[in-house]
Structure formats: structure tokens, C-alpha cells
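Following: one structure in C-alpha cells, then a few remarks.
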Amino acid sequence: MEFRSFSAGPDDDGRRIGRILKTIFKDTPGARYQEALRKKLIKVNGARVPQDYRVKAGDSISVAAFLLDRPDVSDAPGSSTPAAAGKAKTDITNIKFKTIFRNEHIWLLDKPYGIPVQPSQGCATSIAGIVAQMQAAAARSSIAFTPAPLHRLDRYTTGLLALSQSMEGAQWFSRALQEHRIRKTYLGITQGIPARQQRWQDKLAAVPGSTRGAFHTVQAAPGGAPAVTEALTLASGTWHAMPVALVQFRIETGRKHQIRAQSALHGCPLIGDSAYGACSLPGGRAFFLHAAHLAVPAENPLGLPESISAPIPAEFAHFLTSALIKWDEQIIL
């Protein structure tokens, strides 16, 4: 009988065999591979194992070839078989991400404008999809762990985006975000000039009846989720006789469209953000919002630097110049 082998990597260590098989068999019902375990159609290091067996890094998991009848099963990480032929994928050969920091636990990239983090309606390309292809092409050995984005940025927001590179990295970074131990600072250009320094505390909720997530999907609501943002005006100018400002935003919560919605609620929407009442920008540009800085605890187990920054994009800088905004390129941390 022909078997195909999968190699367990460091991020598979300690996981139950069922969790590993769920990854290999994707959407196949669990009863199918549980029965195969009992019948020795699935073996670990050449031997039958119980269903509560915990995989060790370096284990060889052998699966009877006839069980892998789904065309996408052979794409699983660690498989010794080639990827399924003819599967539609995004061509990643010309897509390059600028890396701000990367080690074995975390990859911080400079997200470009116009690419969503997760797959979305009307856009076949996503950061998550591209990274998954990159990892598959690199023949990553771990089976049940897939590198992925650890938080979201709007499709039209640029800047620092964290992706997991190990299970340890994913768990620590996600927990630190939830506990507000990682501080996220953004730069945006507003239509109108906010007061020098403000602390916005609002409650936000999805607009009733809004399901597509395309425009104006968040609004203030008494029963909404708390949203807290500190806004600091760094510089101001005019664009087409309209007052505009460069504003630094530090978010203490991570609600959908938080900066966009709160800026509009407090009278200064991001310029170009027509979904929240601002005028449109030429060329179809949505708005200018950039994830500029992360402050990370000094004592972290991932080897992350305490201060991580991403430079503002060229188009963002050009708008500042065209609006005669005088800025010394300093963020108040």
C-alpha cells in the first residue's frame, strides 16, 4: 500500500494527533481519519498510535495515499508530495513586502496601500493569502501551524503589520495586544484641524443594515463597544483652500474603523474618507492613514525591539508637501 509522509515541525510539538490530521485533511469529517488511525491507515513513525497521542517534533506521519483524495490535501505543510496541479493562486512573483523586523517568532512588514489583510469581496489578493503561498513555497515543516496576520489594518491603511512566524510568537503577541501592553500609534491627515491634544472616548457599533462593509459601517451608539483614542495634532496647512492637519493617533482599543469613525464624530474626518463625510481625493485615493509605530515591552520573550517604526509612504509625504504642512518627522511617544 502506498503511503504519503508528513513531517512534524517544532510548532507541532505537543499537539494531539487529531489536531494535526485535521490540518492534513482540511474539511474532512473527523470520524474518517479517526477510523483510519484504528485501522493503521495512518501511522506515526511507522506504528499505530492512540487518538490522544501527542505529536513530537520530528515525528513522521504516514497516511494511506487513497485517503488523500481531496485535490488540495497535498498542499498541507510538511507534505512530501507536490502541490495539486492546476490550483488557482495569486501570482506572488512580483509582490514584495518591505520588512521592518523579522525573526523566528514575528515578522513585521510595511503593509502597502490597497491590499486587504484578509480575503475580501471584490479583491482576490490579500496579505494572508500571499504569506500562506510564500510559506508553502518555502516548504515550512510544521503541519498544524500556519503563519498569519496577528491583527487587522484597513485595506487602504499602510504601515506596520505583525505576522506570526511561530506558535510562541503568535500566542505572546496576541495576548500582549489584548492586554494593551503593545501600544500602536498611527499618523493620519484630517479634513479640518483638531484641537492640539484630545482624548476621545466613544461607543461604536455597526450601522444597522450594513452588511457589505463597504461604506460608513460604524457609528456612535449608546450600546456600542468602547473606543478610546488619543489624538495629537502635529502640524497643519491648507489644501485647495481647505484646512488640513497631520494628526497622531494612539489607540487604546482596537475597534473596526476606530480612527476613521472617531475622527468624523469629533468633526475632523480623514481627508478623502467619503464614507465618513470627507471630500474625495483625486485619483481615487481613499484616505491617508499609516500605522507608524509599535511600542513593545522591553522584557519580551520574542526578542522584539522596544520601538519599531515604519516610514510614511511617498504619496503620504507628497500630500504633506502639497498642503504646505511643516513637519519635523517626529512622533510624540
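The values are calculated or read from the model by the stated rules, or taken from the named source; none is laboratory data. All figures in this text were calculated on a predicted structure; none of them were measured in a lab. Counting neighbours? That spans all protein chains shown, and the Cβs are built from the backbone with ideal geometry, glycine included. Accessible surface is based on the protein model in full, side chains and every heavy atom, while ligands, DNA and RNA are left aside. Shrake-Rupley method; radii C 1.70, N 1.55, O 1.52, S 1.80 Å.
Can you sort F3, F249 by solvent-accessible area, 1.4 Å probe, largest first?
F3, F249
Excluding residues on the same chain fewer than 8 positions from K56, give the lysines whose Cα lies under 16 Å from its Cα.
Reachable lysines: K43.
Using the Cβ atoms and a cut-off under 13 Å, what net charge is assigned to the surroundings of F101, where Lys and Arg are +1 and Asp and Glu are -1? Can you show the working numbers first?
Numbers: positive: K98, R102; negative: E104, D110, E306.
Cβ neighbours under 13 Å give a net charge of -1.
State the extension gain, in nm to one decimal, for the chain segment bounded by T28 and E230, taking 0.36 nm per residue of separation less the distance between their alpha-carbons.
Length gained between T28 and E230: 68.0 nm.
Averaged per residue, what accessible surface does the chain expose to a 1.4 Å probe, in Å²?
Result: 48 Å² per residue.
Hey, got a sec? Which GluC sites (Glu not before Pro) in region 266-333 land in a DSSP loop and have at most 11 other Cβ atoms within 10 Å?
Qualifying residues, ordered by number: E299, E306, E329.
Once the whole set of protein chains is in place, how much accessible area is left on V247, using a 1.4 Å probe, in Å² to the nearest 10?
0
Between (1) 0.99; (2) 1.06; (3) 1.18, which entry matches Cα Rg over 2.2 N^0.38 Å as derived from the coordinates of this structure?
(3)
Between L302 and T125, 0.36 nm times their residue separation minus their Cα-Cα distance comes to what? Before the final figure, lay out the partial values.
Details: separation 177, 0.36 × 177 = 63.72 nm, distance 2.94 nm.
Working it through step by step, the gained length comes to 60.8 nm.
H266 accessible area, nearest 10 Å², 1.4 Å probe?
Accessible area of H266: about 70 Å².
As an exercise, identify the chymotrypsin sites (Phe, Trp or Tyr not before Pro) in region 146-243 lying in DSSP coil whose Cβ has no more than 11 other Cβ atoms within 10 Å.
Answer by residue number: F215.
Return the aspartates and glutamates within reach of K22: Cα separation strictly under 18 angstrom, same-chain partners fewer than 8 residues apart disregarded; answer none if there are no such residues.
Qualifying aspartates and glutamates at Cα under 18 Å: D11, D12, D13, E35, D52, D59, D69, D72, D75.
Would you list, by chain and number, the aspartates and glutamates whose Cα falls below 13 Å from the Cα of K98, excluding same-chain residues fewer than 8 positions away?
Those aspartates and glutamates meeting the cut-off are D110.
Give the accessible area for R285 in Å² (nearest 10); use a 1.4 Å probe, count only protein heavy atoms, and leave out ligands, DNA and RNA.
30
Would you mind pulling out the separation of the Cα centroids of region 155-169 and region 258-295, in Å?
The two parts, judged by their Cα centres, are 21 Å apart.
How many nm is it between the label spots at M1 and K39, if each spot is 7 Å from the Cα in line with the beta carbon?
0.7
Would you list K326, K184 from the most to the least accessible area, probe 1.4 Å?
Numbers: K326 165, K184 35 Å².
Highest to lowest solvent-accessible surface, that is K326, K184.
Taking the Cα-to-Cβ direction at K256 and at R48 and moving 7 Å from each Cα, how far apart do the two end points lie in nm?
Reported label-point gap for K256 and R48 is 4.9 nm.
Say R0 is 30 Å: what FRET efficiency, to the nearest 0.05, do Q198 and Q118 get from their beta-carbon distance?
It comes out at approximately 0.45.
Could you tell me the relative contact order of the chain? Use alpha-carbon pairs under 8 Å, at least six residues apart, and round to a whole percent.
Dividing the mean separation by the residue count of the chain yields 14 percent.
Heavy atoms only, probe 1.4 Å: what % of the accessible area of region 211-333 goes to carbon and sulfur, would you let me know?
Carbon and sulfur together cover 55 percent of it.
How much mean residue ellipticity at 222 nm does the chain get from its helices, if each DSSP H run of length 4 or more adds -39500 (n - 2.57) and you divide by all residues, to the nearest 500 deg cm²/dmol?
Value at 222 nm, helices only, nearest 500: -5000 deg cm²/dmol.
Structure shown: which of K96/K326; K96/K256; K111/K256 lie over 20 Å apart, alpha-carbon to alpha-carbon?
K96/K326; K96/K256
Lys and Arg at +1, Asp and Glu at -1: add these up for the other residues within a Cβ distance under 11 Å of A275 and post the number.
-1
Net charge near G188: determine it from the other residues with C-beta under 12 Å of the C-beta of G188, scoring Lys and Arg +1 and Asp and Glu -1.
Overall, the nearby charge balance is 0.
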